[in-house]
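Chemist: Can you read through this structure? Questions will come right after.
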Amino acid sequence: MTLRFRTFLVCATAAACGAAAQAEEVSRWNASPEPTALYGHCGNASSMGSKIATLRYVGESVEGVLAIKVLSCTHFTGGGFVKQACPAGSPYDFCYGAGNDGQGNAVKLGVLKAGPRTDPNAPYDGCPPGADPQPKVSLVRAAGLDPRTLIGIVTLGCTPATPARARPSAAQEVPCPPGRLPFSQCIGTPDDGHGNAVTLGLLRYRGTGDPDGLYGECDQGIQPGFASKRSVLALVGRSTANVRAIDLLSCAVPWGFGGGFPAGLHTGSCTGLVWMDPALAPRYDYCIWGTDARNNGVVMGVSAP
């Protein structure tokens with residue numbers, strides 16, 4: 001019989017155990033790419049602050065921010081927030097930092113925003129001339145992953161297939177490139193069947209209410225493909241600014257909702273909406289319901305000012 005031993009942290013005092021636990025918790029916060037995650041405790045007597053709240057110091061908007069990654073964090077030196085060069089080859093749209101963030105930390109942050117580079121349905125980018133880039137989401141599906149768990153996909157490499165094959169290689173999880181990157185995992189293939197060797201970085205959603213989370217293919221008889229929940233807002237004339245959460249409450253073929261379910265998308269008060277539990281109505285500022293362009297029947301609850 002093989003015995004497996006687990007190593008436990010032994011502390012001399014309760015205070016030492018408390019300090020060790022706090023250090024572990026801070027490490028998890030500082031490793032998180034979530035924009036609203038706190039960061040800090042990087043030096044003596046330093047405190048924690050909000051990553052997303054520091055964007056205003058460099059004149060950047062909070063809208064469309066998918067990830068903010070702590071690239072470095074040490075004890076403060078001096079100087080306020082300014083734009084800084086990003087690490088070579090990193091995927092960030094911009095980087096910035098401060099010698100003293102006002103919390104006693106010297107910090108550098110990398111920011112990734114929603115756009116064509118992160119759009120899951122956009123083709124790989126950065127491919128050589130003459131390439132035949134495919135939608136990034138197609139490689140996710142080839143790797144056996146569910147696109148509905150993602151908010152963004154970034155092309156990390158696209159070169160001619162190596163080696164050339166008569167048929168495509170299986171897409172699978174691969175090590176992410178070194179460095180402080182915001183991705184939950186990376187996938188790749190030496191040949192996607194269209195002559196490309198591709199590596200992609202995947203951004204996972206930040207909970208089921210994440211507005212940038214994808215939805216689609218909810219039932220049989222629905223056209224293939226996925227879209228972000230946030231994209232639905234523009235279709236019903238609602239602003240995307242300051243949206244805190246979008247919950248997908250129901251998603252099925254339209255006839256599954258019974259008679260009277262609308263062919264198009266509609267928006268309004270959740271109160272009295274027959275296709276949702278009345279107990280849920282007070283949770284949301286408004287709802288969206290109806291049938292989208294791919295024939296998904298949806299009911300969404302939106303939390304926004």
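The values are calculated or read from the model by the stated rules, or taken from the named source; none is laboratory data. None of these values were measured; they are calculated from a predicted model. Every residue, glycine as well, gets a Cβ built from its backbone with ideal geometry; the counts of neighbours run over all protein chains shown. Accessible surface is based on the protein model in full, side chains and every heavy atom, while ligands, DNA and RNA are left aside. Shrake-Rupley method; radii C 1.70, N 1.55, O 1.52, S 1.80 Å.
Chemist: When the accessible area of the stretch 170-305 is computed with all protein chains present and a 1.4 Å probe, what percentage of it is carbon and sulfur?
Modeler: 52 percent
Chemist: Can I ask one more? Specify the residue with the greatest mean-square fluctuation among Trp255, Trp289, Trp29, computed from a Gaussian network of the chain linking alpha-carbon atoms under 10 Å apart.
Modeler: Answer for the Gaussian network model of the chain: Trp255.
Chemist: Then there's this: Tell me, what does the Kirkwood hydrodynamic radius of the stretch 108-184 come to in angstroms if you use every pair of distinct C-alpha atoms?
Modeler: Kirkwood radius, the stretch 108-184: 14.0 Å.
Chemist: Given Cα pairs under 8 Å that are at least 6 residues apart, what percent is the relative contact order of the stretch 85-166?
Modeler: Relative CO of the stretch 85-166 lands at 24 percent.
Chemist: Now, a different point. Cα-based Rg (one decimal) and Dmax (whole number) for the stretch 129-245, in Å?
Modeler: Rg, Dmax (Cα atoms, Å): 16.1, 49.
Chemist: Per-residue accessible area for Arg180 at 1.4 Å probe radius, Å² rounded to 10?
Modeler: Looks like 130 Å² after rounding.
Chemist: Provide the per-residue ³J(HN,Hα) series for the stretch 209-221, in order, calculated from phi with Karplus coefficients 6.51, -1.76, 1.60 and θ = phi - 60°, each as a whole number of Hz, with x at glycine and proline positions.
Modeler: Values per residue, Gly and Pro as x: x, 4, x, 8, x, 8, 9, x, 6, 6, 6, 5, x Hz.
Chemist: Largest first and to the nearest Å, give the Cα extent of the chain along each principal axis.
Modeler: 67, 59, 57
Chemist: Hey, another quick one. Using Cα pairs under 8 angstrom and six or more residues apart, how large is the relative contact order of the stretch 125-245, in percent?
Modeler: Result for the stretch 125-245 is 24 percent.
Chemist: Could you compute the net charge surrounding Cys158? Neighbours are other residues with a C-beta less than 11 Å from the C-beta of Cys158; K and R count +1, D and E count -1.
Modeler: -2
Chemist: log₁₀ I(q)/I(0) of the stretch 48-118 at q = 0.11, 0.16 Å⁻¹, via Debye over equal Cα point scatterers, no solvent, to two decimals?
Modeler: Log-scaled intensity ratios, in q order: -0.24, -0.51.
Chemist: Alpha carbon centre of the stretch 172-214 versus the stretch 29-62: separation in Å?
Modeler: With the stretch 172-214 and the stretch 29-62 each reduced to a Cα centre, they are spaced 24 Å.
Chemist: Hey, another quick one. When every alpha-carbon pair in the stretch 159-305 is counted, what percent end up more than 17 Å apart?
Modeler: That fraction is 68 percent.
Chemist: Turning to a different aspect of this structure: Taking Cα pairs under 8 Å and at least six residues apart, what relative contact order does the chain come out at, in percent?
Modeler: After rounding, I find 10 percent.
Chemist: What's the carbon and sulfur percent of the stretch 35-115's accessible surface, probe 1.4 angstrom, rounded to a whole number?
Modeler: Carbon and sulfur atoms account for 54 percent of the accessible area of the stretch 35-115.
Chemist: Let's see if you can work this out: charge +1 on each Lys and Arg Cβ, -1 on each Asp and Glu Cβ, no other charges. What is the dipole magnitude of the chain about its Cα centre, in debye to the nearest 20?
Modeler: I would put it at about 440 debye.
Chemist: Same structure again: For the chain, with every protein chain kept in place, what is the accessible area per residue (1.4 Å probe, Å²)?
Modeler: Ligands and nucleic acids excluded, the figure is 51 Å² per residue.
Chemist: Out of Gly256, Leu55, Thr208, whose Cα points farthest toward the positive end of the dipole of the chain (charges: +1 Lys, Arg; -1 Asp, Glu; placed on Cβ)?
Modeler: Of the listed residues, the answer is Leu55.
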